[in-house]
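These notes are about the structure you will find just below.
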Amino acid sequence: MASRPGSGSSERLDQVLALVREKVAPDARGPVEAFVRAYYRQVDSGDLAERESADLYGAALSHWNFARRREPGVPKVRVFNPSVAEHGWQSTHTVIEIVNDDMPFLVD
């Protein structure tokens, strides 16, 4: 039986959502799950498949927590190299998190 295109990314996303259900406080689960689904909606299935579920969970939750407190009109930018010891997740790449008001030509 051939696998469906994108089924690997769906399976990986399910694993990330299971971590959300396991680790996030019950009152925040719904909004965090919705955020995680939107966060990874357009990510290539190959990119999801080559990363650990825990690291995908950590990346999304890191950005969620970073974005939660921001004054409208004031952009937030953070650049860091996440490590398990310091951040609870890891990446072999430098991470740039940006939170800004939606506007035309923001990323062009």
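The values are calculated or read from the model by the stated rules, or taken from the named source; none is laboratory data. Since this is a predicted model, take the numbers as computed values, not measurements. Here the Cβ is made from the backbone with ideal geometry for all residues, glycine too, and neighbour counts use every protein chain on show. Just the protein is used for accessible areas: all its heavy atoms, side chains included, with ligands, DNA and RNA removed. Shrake-Rupley method; radii C 1.70, N 1.55, O 1.52, S 1.80 Å.
Just by accessible area at a 1.4 angstrom probe, what is the order of Arg21, Arg68, Arg29 from largest to smallest?
Reading off the accessible areas and sorting them downward yields Arg68, Arg21, Arg29.
Provide the solvent-accessible area of Val77, counting protein heavy atoms only and rolling a 1.4 Å probe, rounded to the nearest 10 Å².
Using a 1.4 Å probe on the heavy atoms, I get roughly 100 Å².
Counting Lys +1, Arg +1, Asp -1, Glu -1, what net charge surrounds Phe66 among other residues with beta carbon under 10 Å of its beta carbon?
+4
Express in nm, to one decimal, how much length is gained between Asp44 and Glu11 on full extension, taking 0.36 nm for each residue of separation and deducting their alpha carbon distance.
Result: 10.6 nm gained on full extension.
Any idea how far the Cα center of region 70-88 sits from the one of region 53-68, in Å?
10 Å
Could you put Lys23, Lys76 in order of accessible surface area, largest first, with the 1.4 Å probe and the full protein assembly present?
Putting Lys23, Lys76 in descending order of accessible area: Lys23, Lys76.
Can you list the HN-Hα couplings for region 20-28, worked out from phi with the Karplus curve (6.51, -1.76, 1.60; θ = phi - 60°), rounded to whole Hz and with x for Gly and Pro?
4, 4, 7, 10, 8, 4, x, 6, 9
Rg over Rh of region 49-108, using C-alpha atoms and the Kirkwood radius, what does it come to?
1.02
Expected output is a single nm value to one decimal: the length gained when fully extending between Glu52 and Arg37, i.e. 0.36 nm times separation in residues minus the C-alpha distance. What is it?
3.8 nm
Calculate the spin-label point distance for Glu97 paired with Arg78, positioning each point 7 Å from the Cα along the beta-carbon direction, and give it in nanometres.
Label-label distance for Arg78 and Glu97, simple model: 0.3 nm.
Out of residues 5 or more away from Gly88 or on other chains, whose amide H comes under 5 Å of its own, with H placed 1.01 Å from N in the peptide plane?
Under 5 Å from the amide H of Gly88: Ser83.
What size of dipole, in debye to the nearest 20, comes out for the chain about its Cα centre when the only charges are +1 on Lys and Arg C-beta atoms and -1 on Asp and Glu C-beta atoms?
Dipole magnitude for the chain comes out near 260 debye.
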